[in-house]
Amino acid sequence: MAEVMWKPTSQQEKALSSLAYETLFGGARGGGKTDAGIYWLLYDVHHPKLRCLVIRKNAIDLSDWIERAKSSFAPFGAKCIGNPAQFVFPSGAIIKTGHLNDEKAFEKYQGHEYHRMLIEELTHIPSEHHYIKLISSCRSSDKDIKPQIFATTNPGSAGHTWVRKRFIDAHTPEQIHIAEDTGRSRLYVPATIDDNPYLKEADPDYVKYLEGLPEALKAQWRYGSWDDVEVEGAYYAKLLTAERITRVPIETSLQVHTFWDLGVGDSTAIWFVQKYGKEIRVINYYENNGEGLPHYINMLHDFRSKHNIVYGRHTAPHDIQVRELTTGKSRKETAQKLGIEFVVAPNLSIDDGIEAVRNTLPICYFDKERCEQGIDALRNYRKEFDEKRQVWKSYPLHDWTSHGSDAFRYFAISHERESPVLKLNLSASSGWMG
């Protein structure tokens, strides 16, 4: 084995020595997550059958990780080849890399066998369902290689809630927990910059930077807090009170109206709403990416069949009327051919829309389970933070919270209009049947 001039911190060592099937390492910024993940992969690289997979959310972050890994793997004789990159060791062991650019990316590894899986920034995965799909390929048919998953992350981002439930809530840090549903072991090892003396010595100003952040960001970035802190700069967090988030039944006697944010090469988000007197009952939220209109229309059909509902109005942003250069048709026209007639939301400014949401939330009740991902998006939708100047900018941050928040904004500026029932075309040619 090559001599490597790298020594783990005490928290890195705890994570690297974990025998759990799933290990989550990190929490705060500066805790040494990336290095820990890179060196964790080096276990068993002498074994010719070893196959590992490294996952990051997007290609840009993955390329940064690859550059760091090259220098760490070089002493072991690894060669970086191909696109997507993979590291091939003299023994024949292989470490592959990939990113999750769309919905299908979570499924493309199913049927494969990876003994070790490193997932960088776990909270970037939006749901536990996506995560379970991904880790289904982490297994071993070789008794000499133990299958394991090593994930790193900071609090926040789209997957904050499910990651906290799976690894943090009711689990003692640094103690292995056996999951009741699978019987497999999990471990959470927290780390902050205080656990990383190398970084503190090399860049003491970084600690000062973290200490100077607004309180909510400091709680997460400096101390790795998983609590639902009130995010400074958030537009709606104070209005999403506990009594507004509860169990909301689906009434078959009430129309269901949907409000969409249609992504192009990005996520599409849909809110499902029923109106009862002056109450707004938000009964469901759905978000996905990498899919065309037929996928979402079929999902509406499935939801209707499951709950025996009748749809009312389907509202989309004004840009649904823009004609695409490739087809010469607008997405509104495409949707019509697929059996759904969209109403176009008023074209108001973002500031006016945000004010409309603030005025609407006090009469809304959200189903806690079916709307969980959307609620997280609304709660964390905030102004962009200028890290260099440490001030909040005057416009919203475009990130994972934008899709659900934009769709809800279209609801808020539209819901007072009359809601005639729009019959959906359920003929075999509509794409709904099958």
Tell me the residue from 322, 343 that is out of contact with any Cys (no Cβ under 7 Å at 6 or more places or on another chain) and in contact (Cβ under 8 Å) with a residue 12 or more places away in the chain, please.
343
So is residue 127 more than 23 Å from residue 45 (Cβ to Cβ), hydroxyl-bearing (Ser, Thr, Tyr), in contact (Cβ under 8 Å) with a residue 60 or more places away in the chain and open to solvent by 10 Å² or more (accessible area, probe 1.4 Å) or not?
yes
Are any residues in region 273-296 touching a residue at least 60 places away in the same chain (Cβ under 8 Å) and open to solvent by less than 10 Å² (accessible area, probe 1.4 Å), and if so, which ones?
273, 280, 282, 283
May I ask you to list the residues in region 69-81 that are open to solvent by less than 80 Å² (accessible area, probe 1.4 Å) and either farther than 19 Å from residue 49 by Cα or of a type in the set (Phe, Trp, Tyr) (or both)?
69, 72, 73, 74, 75, 76
Enumerate the pairs (first residue in region 191-205 and among the small types (Gly, Ala, Ser); second residue anywhere and part of a helix (DSSP H, G or I) and open to solvent by less than 50 Å² (accessible area, probe 1.4 Å)) with beta-carbon separation below 9 Å, excluding pairs fewer than 6 apart on the same chain, so at least 6 apart or on different chains.
191/11; 191/12; 191/15; 191/33; 191/36
Where residues in region 168-203 are of a type in the set (Val, Ile, Thr) and open to solvent by 40 Å² or more (accessible area, probe 1.4 Å), which of them is farthest from residue 28 (Cα to Cα)?
182
Which one of the conditions (1) farther than 26 Å from residue 164 by Cβ; (2) at pLDDT below 95; (3) crowded, with 17+ Cβ neighbours inside 10 Å; (4) touching a helix residue (DSSP H, G or I) at 6+ places or on another chain (Cβ under 9 Å) does residue 44 fail to meet, given that it meets all the rest?
(4)
Exactly one of 91, 137 is more than 29 Å from residue 190 (Cα to Cα), at pLDDT 90 or above, touching a His at 6+ places or on another chain (Cβ under 9 Å) and surrounded by fewer than 20 Cβ atoms within 10 Å (Cβ to Cβ), and that residue is 91
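The values are calculated or read from the model by the stated rules, or taken from the named source; none is laboratory data. None of the values given here were measured: they were computed from a predicted structure. Ideal geometry is used to build each Cβ from the backbone, glycine not excepted, and the neighbour counts take in all protein chains shown. For accessibility, only protein heavy atoms count, side chains too; no ligands or nucleic acids. Shrake-Rupley method; radii C 1.70, N 1.55, O 1.52, S 1.80 Å.
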